[in-house]
Amino acid sequence: MVNQNLWTFLLEYSVIQGLLLSVWALIRQKKVLLALFFLLVSYIIFIFLLEHFRWYHTLPHLIWTHVPGLFVFSPLLYLHVRQTFTSKPIRFTFWDSLHFLPALFMLVYITPFYFFQPASYKVAAFEQFYADKNIDFVQIGYLAQIALYVILGRVLVSQKLTKLNDEDSHSVNIHLNIYRGLYHSLTLYVILGYTLAITLAITQNNWLTYYYFVYLALAFGIFATTVYLFYHHQSEAPPMTLQTITQVDELTETSSSYSNKYATSALDATDRAVILSQIEAHLKVTQAYKNPQLKLPQLAKQTQIPAHHISQCLNQELDQNFFEFINTYRVAAVKQQLLKKAHQRLTLFAIASECGFNSQSSFYRIFKKIAGETPRSFINRNASDGTSTH
């Protein structure tokens with residue numbers, strides 16, 4: 001009986017988390033290829049655990065059922081990333097299907113083992129294969145394929161990053177960091193897989209004793225995606241609580257609806273002007289807008305002004321909701337830093353982060369919306385105008 005340890009526990013957790021990510025990608029994001037990718041990775045890690053803990057004695061018909069999938073998950077991710085970065089309608093073409101020919105070949109090759117061999121034969125074949133320490137040509141093949149798709153995928157992501165840095169595109173896909181993390185994970189998986197395969201072939205050691213490190217590299221992509229989504233969720237997609245429902249309502253309100261909403265309010269124009277000046281003075285002194293997690297209740301607590309009064313003043317006096325109001329301060333702060341040539345020593349997003357933005361994509365989108373131009377355009381225009389704060 002193989003004992004449980006920290007590494008196997010992490011792998012077990014990654015299987016569950018991978019299934020949850022698959023559901024998230026399918027239901028929340030409507031991204032079928034990404035959902036299949038996470039589902040397949042989870043199953044591959046599960047089969048390793050089945051082998052590691054020798055559960056295959058109980059579930060012999062699952063032996064090597066993951067082998068075709070080893071040739072599938074990297075093309076799935078590549079096709080998903082490619083579709084993400086195209087403006088054309090998403091279609092699965094005949095040429096796309098060619099990416100799965102190696103998996104189809106492997107399925108045909110191993111089908112007799114799946115359907116025409118008894119359980120006892122499968123267990124014996126599995127144990128004999130690794131007892132003889134044969135060269136695993138299937139492993140060499142799928143690692144080579146994964147390496148190829150990692151290169152192709154990294155090129156796509158790199159091109160998008162280059163475009164982002166050079167043109168300040170505000171339409172960057174919100175999952176760019178997820179793809180980067182997944183390709184880091186697959187790169188590590190390939191490197192460790194080849195390294196350990198060569199090492200164990202030379203030393204003739206038991207591969208199962210060490211191979212969970214290779215699968216931890218695969219699980220790293222699941223962990224990294226989960227962490228990214230958790231933090232991203234805090235700023236971009238908060239849970240639909242009563243507070244966030246109110247915030248969504250604010251985002252969809254128009255100026256014509258403000259008069260109806262505040263028809264019974266006791267605040268007159270003078271009161272609103274006083275409150276607005278207090279808020280602006282507070283932000284100027286404390287620079288609270290640089291806190292990326294700043295929300296209306298927090299500002300209300302800091303200024304000792306009721307949240308609904310703040311909202312009313314912003315709506316009626318500035319025709320803005322809370323987030324639009326705070327973002328104008330953040331954009332103004334970014335502009336100030338750019339005029340001081342901060343971009344000559346820092347990246348644009350590093351400057352934006354210091355000014356309260358915590359999402360690269362939302363920074364470019366919001367800056368362009370408020371400033372009417374991209375950050376790079378702002379830099380170039382002021383450089384050509386000879387604008388300087390010195």
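Every read-out reported here was derived from the displayed coordinates using simple, explicitly stated rules and does not represent laboratory data. What you are looking at is a predicted structure, and each value in this text was computed from that prediction instead of being measured. Positions of Cβ are generated from backbone atoms using ideal geometry, with glycine treated the same way; all protein chains shown enter the neighbour counts.
A few points about this structure:
- Cα-based Kirkwood hydrodynamic radius, region 311-381, one decimal, Å: 12.5
- Computed Kirkwood radius, in angstrom, where 1/r is averaged over Cα pairs of region 1-82: 13.5
- Signed unit charges on C-beta, dipole axis of region 290-370, positive-most listed residue ASN321, VAL334, PRO292: VAL334
- Calculated P(r) tail over 25 Å for region 1-141, as whole % of Cα pairs: 38
- Exceeding the 22 Å Cα-Cα cut-off - candidates LYS30/LYS290; LYS160/LYS290; LYS335/LYS368; LYS301/LYS369: LYS30/LYS290; LYS160/LYS290; LYS301/LYS369
- Listed peptides 346-359, 268-281 by packing density, highest first (mean Cβ within 10 Å): 346-359, 268-281
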